[in-house]
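What follows is a short report on a single structure.
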C-alpha cells in the first residue's frame, strides 16, 4: 500500500468515526463541504446535498452499499429532480454518517433510513474496494445503526428488499408518518437492475463473479464471526417493529 492509499484510508476511517458521534455533526458538515467531497456530484448529474439546511425537505441516509443510490434516484425521478439546478426540494443523501440522521430527528425532519443485512453490505463493499477491512466495516456498521436505536419510531426504515422491490410503500409510510406529500416512485424497482450488469457478461464471467462473491462471503463469515454476529444483532433491532 502506497503513501496515498494509506492517507486515504486514514482519512476515511476518521470520517467514519466522526460520523457516528452525535456531538461531532459540525465536523461532519465541515468535512463534506471540502472540494474532495463536493466533486462526487458530477457535471450534469443531480446534486447531492451533504448537510442539513433550513430548506431540507427529506433525509435519505444509510450505510454504504445498501442501495442508497437506487432509492435516491427513485425519489428524484418521482419528484421531478433529475437536473442539477437549485430547487425548492432539498434532499440530504449519501453522507453515510449517522449523526446527520440524528440531527434530522432532533429537527423533526422527514427521514428514511436505508439498511441492508451486514454480511451482504460488507461483501459488496469488499468487492468494490478490496483494500478495505471487513472487520472494520462491520464495526462501523454496528456503530452506525446502534447510534440510531434511541430514535426508532422517529424515522422510516427501508430494508434492502423493500428498497429494491417495494420502495413506493416506504415512501407512502414516510408521507403518513411525517405528513409530507412526496410523489410515489412507482417504477422504483427499475433503479436496481442487476440483470443489466450480467447481460453484458459471458457465462464464464458471470460464474467467476458469483464465485468471487461467494468466496468473499465465506471469508467474512470465517474471519469475522464476532463482528458479524454483533452487526446482525443491531440489524435485527433496527428492522424489528
Within the range 214-221, is there a residue that is at pLDDT 85 or above, in a loop (DSSP other than H, G, I, E, B) and surrounded by 15 or more Cβ atoms within 10 Å (Cβ to Cβ)? no
In the set 143, 161, 154, the lone residue that is closer than 25 Å to residue 75 by Cβ, over 12 Å from the mean Cα position of the chain (by Cα), touching a residue at least 12 places away in the same chain (Cβ under 8 Å) and surrounded by fewer than 24 Cβ atoms within 10 Å (Cβ to Cβ) is 154
(1) closer than 30 Å to residue 57 by Cβ; (2) at pLDDT 95 or above; (3) buried (at least 17 other Cβ atoms within 10 Å of the Cβ) all hold for residue 167 apart from (2)
Q: Could you tell me whether the range 233-241 includes any residue that is modelled with pLDDT under 85, more than 17 Å from residue 64 (Cβ to Cβ) and out of contact with any helix residue (DSSP H, G or I) (no Cβ under 9 Å at 6 or more places or on another chain)?
A: yes
Check your understanding: Out of all the residues in the range 182-196, is one or more under 23 Å from residue 122 (Cα atoms), at pLDDT 85 or above and surrounded by 14 or more Cβ atoms within 10 Å (Cβ to Cβ)?
Key -> no
For residue 6, the lone unmet condition from (1) over 20 Å from residue 139 (Cβ atoms); (2) at pLDDT below 85; (3) part of a helix (DSSP H, G or I) is (1)
Those residues of the range 222-232 that are in contact (Cβ under 8 Å) with a residue 40 or more places away in the chain and either part of a helix (DSSP H, G or I) or in contact with a strand residue (DSSP E or B) (Cβ under 8 Å, 6 or more places away or on another chain) (or both) come to a total of 6
The one condition residue 47 fails out of (1) assigned to a loop (DSSP other than H, G, I, E, B); (2) at pLDDT below 90; (3) in contact with a helix residue (DSSP H, G or I) (Cβ under 7 Å, 6 or more places away or on another chain) is (3)
Picking from 67, 78, 71, the residue that is buried (at least 18 other Cβ atoms within 10 Å of the Cβ), at pLDDT 65 or above, over 19 Å from the mean Cα position of the chain (by Cα) and closer than 29 Å to residue 117 by Cβ would be 78
The number of residues in the range 109-120 that are more than 13 Å from residue 144 (Cα to Cα) and not in a loop (DSSP other than H, G, I, E, B) is 4
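The values are calculated or read from the model by the stated rules, or taken from the named source; none is laboratory data. Here the structure is a predicted model, which is why all the values come from computation and not from measurement. All Cβ positions, glycine included, derive from the backbone under ideal geometry; neighbour counts span all protein chains shown.
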